[in-house]
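Read-outs throughout are calculated quantities, based only on the coordinates presented, and are distinct from any laboratory measurement. These numbers were taken from a predicted model, which means no experiment stands behind them. Here the Cβ positions follow ideal geometry from the backbone for every residue, glycine too, while neighbour counts run over all protein chains shown.
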Amino acid sequence: MVSSALLQFALNWRTIGRAFSGVAGLFQKQASAQAEDPLARIEVPATWFLSGAVLIGLGCMAILYWHFGTKWWMSIIAVVMAFFLSVVACRATGESDITPIGAMGKITQLTFGWLAPSNMVTNLMTAGVTSGAAGSSADLLTDLKSGYLLGANPRKQFLAQFLGIFAGVLVVVPAFYVIVPNAARLGTTEWPAPAAQVWAAVARLLSNGVHSLHPTARAGLLIGGLVGILLPLLERLVPKASRFIPSATGVGLAFVIPFFNSFSMFLGALLALILEKKAPKAAEKFIIPVSSGVIAGESLMGIVVALLHVSGKI
């Protein structure tokens with residue numbers, strides 16, 4: 001997933017060049033441009049991105065340095081990696097609607113397993129910066145796309161998301177402590193937290209350096225990276241056969257997420273395909289609303305079950 005997404009990002013070098021060529025003029029006044037382009041008044045200004053990236057990046061670096069004892073140059077690497085891996089996460093979300101947060105964190109863990117081989121705190125906290133940025137970027141991308149389809153004002157959406165940060169902290173942190181009052185409950189049969197267990201296992205393994213990985217695992221990393229490069233290149237070299245070339249992101253996700261998730265997506269896609277073939281008009285009308293309802297219903301019921309479990313009802 002990582003090698004494929006970064007390669008496709010690099011292949012669009014013209015777009016990247018245009019994006020970075022305007023960085024120097026981001027802080028210039030854009031009143032005349034806004035007068036000529038009505039959309040500029042509702043789009044999120046580029047200055048917001050640059051200002052926010054600098055301020056929040058410095059904030060992350062300060063927390064890593066002062067609170068978790070991460071060296072300042074390592075904190076810079078973590079923030080820079082967060083940008084590029086957020087691009088990967090956004091692409092994965094755009095293709096499959098699933099954000100591979102865990103996979104993004106593992107890339108940072110592998111990097112700092114080499115840079116700080118004996119420091120598990122640095123390994124985990126830098127990975128937290130990467131996964132947090134990747135998850136937030138992909139979520140905001142999804143929200144902005146939904147707003148675009150509905151005709152919402154993107155600037156107001158962005159401001160609402162910004163205010164939601166503070167409201168979310170006030171709600172999510174206490175709710176988490178209600179469900180998980182202490183870290184000792186994580187990893188038990190009650191709260192197995194499999195993703196956190198994987199992160200902890202990787203941190204313990206990399207505390208001895210990347211060379212401590214089993215040779216088969218290192219070979220797997222190399223093979224996966226080469227396959228991730230080969231698939232998008234084939235799409236470019238043989239465009240007529242692109243429909244038969246699997247998505248590198250989809251293949252990678254199938255290895256990351258549990259089997260029941262992959263099988264559920266297969267069943268849903270199969271049912272949608274059959275409906276599109278048998279009743280195309282009904283498919284266009286009902287597939288998205290019904291699938292959205294199934295996802296929302298399962299999520300809400302999961303919350304109800306968790307609260308009932310905490311209260312001792314089940």
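Which residues make up the longest stretch of the chain that has no trypsin sites (Lys or Arg not before Pro) in a DSSP loop with at most 16 other Cβ atoms within 10 Å? Before the final figure, lay out the partial values.
Values: sites that count: 29, 71, 313.
Longest site-free region, per DSSP loop and neighbour criteria: 72-312.
Based on the Cβ-Cβ distance of residue 201 and residue 281, what FRET efficiency does E = 1/(1 + (r/R0)^6) give at R0 = 45 Å, to the nearest 0.05? Write out the running numbers ahead of the final one.
Numbers: r = 50 Å, r/R0 = 1.11.
It comes out at approximately 0.35.
By its C-alpha gyration tensor, with a ≥ b ≥ c as the square roots of the eigenvalues, how is the chain shaped: rounded for a/c under 1.5, else prolate for a/b larger than b/c, else oblate?
Values: a/c = 1.18, a/b = 1.05, b/c = 1.12.
Because its axes are fairly even, with a/c under 1.5, the chain counts as rounded.
Cross-link partners of residue 71 among lysines, defined as those whose alpha carbon lies under 24 angstrom from its own and excluding same-chain residues fewer than eight positions apart: 106. Counting only lysines at least 8 places from residue 277 when in the same chain, those with an alpha carbon closer than 28 Å to its own are 145, 240, 285. Mean residue ellipticity at 222 nm, helices only, the chain: -26000 deg cm²/dmol; runs of at least 4 DSSP H residues each add -39,500 (n - 2.57), and the sum is divided by the number of residues. Is the shape of segment 199-271 rounded, prolate or oblate, going by the alpha carbon gyration tensor and its root eigenvalues a ≥ b ≥ c, with a/c under 1.5 for rounded and a/b larger than b/c for prolate? Judged from the Cα gyration tensor, segment 199-271 comes out oblate (a/c at least 1.5, b/c at or above a/b).
The relative contact order of the chain comes to 22 percent, based on Cα pairs under 8 Å that sit 6 or more residues apart. Charge dipole (Cα centre; +1 on Lys/Arg Cβ, -1 on Asp/Glu Cβ; no other charges) of segment 81-170 amounts to roughly 140 debye. Listed peptides 162-174, 50-62 appear in the order 50-62, 162-174 once ranked by packing, highest mean of other Cβ atoms within 10 Å at the front.
Using a Förster distance of 35 angstrom, determine the FRET efficiency expected from the C-beta separation of residue 274 and residue 212, and round it to 0.05.
On the way: r = 48 Å, r/R0 = 1.38.
It comes to 0.10.
Helix screen, the chain: DSSP H segments with Cα axial length of 24 Å or more and mean Kyte-Doolittle hydropathy at least 0.0 are 46-66, 72-96, 120-150, 154-179, 215-237, 259-278, 280-311.
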